[in-house]
């Protein structure tokens, strides 16, 4: 399940009430809900030409969606785990992550993702301008 928007005022109120009811006595809590961080990537995937390019594209897209959806709340975004998700796809030989950037809800622009970045919202969504290039391993 993927959430890409903040809770409504009613949902946040109800969730805050729930957290208050299950917390230990004397513990202060603050409940915050924000929109998802935005992540964009530029990756070139080299694939085995024995597998149809449309199949590889579909599998890589599904793997990247699964990677996003499997992040723990308050997750850290690891570049290498992103690449590992791609490399686990049948038909993929290797991948070159040429760029990865993240924009948190309080940020005015995108910044490069280092080895690891903390997600401001605890979760993320991909932007529409991500680049996924597929290249046959025989063409390189």
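The numbers here are math on the coordinates, done by the rules we state, and not lab data. As the structure is a prediction and not an experimental result, all values here were calculated from the model.
With everything on Cα atoms, drop me the angle between helix 53-69 and the longest principal axis of the chain, reported from 0 to 90° to the nearest 10.
20
Output the 0 to 90 degree angle, nearest 10, between the alpha-carbon long axis of helix 9-22 and the longest principal axis computed from the alpha carbons of the chain.
Taking Cα atoms only, the helix is inclined about 70 degrees.
Give me the percent relative contact order of the chain, please, defined on Cα pairs under 8 angstrom at least 6 residues apart. Kindly include the intermediate steps, with their values, before the conclusion.
Working: 224 pairs, mean separation 53.5, N = 140.
Relative contact order, the chain: 38 percent.
Taking only DSSP H segments of four or more residues, each worth -39500 (n - 2.57), what value at 222 nm results for the chain once the sum is divided by all its residues, to the nearest 500 deg cm²/dmol? Let's see the in-between values first.
Details: 3 runs with 40 residues, N = 140.
It lands at -9000 deg cm²/dmol.
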